[in-house]
Structures are given as C-alpha cells and as structure tokens.
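The values are calculated or read from the model by the stated rules, or taken from the named source; none is laboratory data. This one's a predicted model, so the numbers in the text were calculated from it and none came from an experiment. As a convention, Cβ positions derive from the backbone with ideal geometry for all residues, glycine included, and neighbour counts pool all protein chains shown.
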Amino acid sequence: MPAAWPIAKFLFKLVAPSIPDIVSTVATLKNQQTGAQAQEEPFQRRIAEMEQTLSQQLELIEKLTKQVEALQTILWRTLVIGLVALGLALMGLALIFYA
C-alpha cells in the first residue's frame with residue numbers, strides 16, 4: 001500500500017495540468033451542441049427553401065423542354081417543306097430548260 005501513494009501522486013501530477021483543458025473542452029462542446037440545436041431550425045428552413053427552389057427550377061426546365069421539342073418539330077417540318085419546294089423548283093427548271 002505504501003507504494004500506491006507515490007504512484008497516485010505521480011499520476012495526479014501528470015493529470016492535474018490537463019484538467020483545465022478538459023474542462024474548457026467540455027464547456028466548448030456544450031456550447032457547440034446548444035449552438036447546433038439553435039442552428040438546426042434555420043438549417044431545416046433553408047433546406048425546405050432549397051427544395052422549393054429546385055422544384056420550381058425543375059418545372060421551368062420541363063416547360064422549356066416541351067417548348068424546345070415543339071420548336072424542333074416545327075423546324076423538321078420546315079426542312080421537309082423546304083426540301084420538297086427545292087425539288088419542285090429544280091424539276092420546274094429542268095422542264096423549262098430541257099423541254
């Protein structure tokens with residue numbers, strides 16, 4: 001038992017200087033946890049706002065996609081009509097010059 005006291009004294013000398021650091025670390029962690037709880041609500045609101053914005057952007061993208069598809073259809077029809085008109089014009093010229 002007499003050997004235990006010097007060992008305990010030595011261990012206390014090793015641990016004692018770090019006690020204020022431990023206390024300050026625990027206090028800091030406590031403050032961070034309360035700050036995190038206070039920040040969770042605005043964070044959740046911000047996420048909800050972002051989800052709403054993303055859904056609006058998705059709707060806009062869908063509308064633009066439909067408009068682009070309609071424009072593409074119109075352009076294809078115009079191309080076909082233009083090629084038919086070109087073919088008829090070339091046939092007409094061929095009839096005029098070779099007839």
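Some notes on this structure:
- So L29, is it of a type outside the set (F, W, Y) and modelled with pLDDT of 75 or more: no
- Residue within segment 83-93 that is out of contact with any His (no Cβ under 6 Å at 6 or more places or on another chain) and exposed (fewer than 10 other Cβ atoms within 10 Å of the Cβ) present: no
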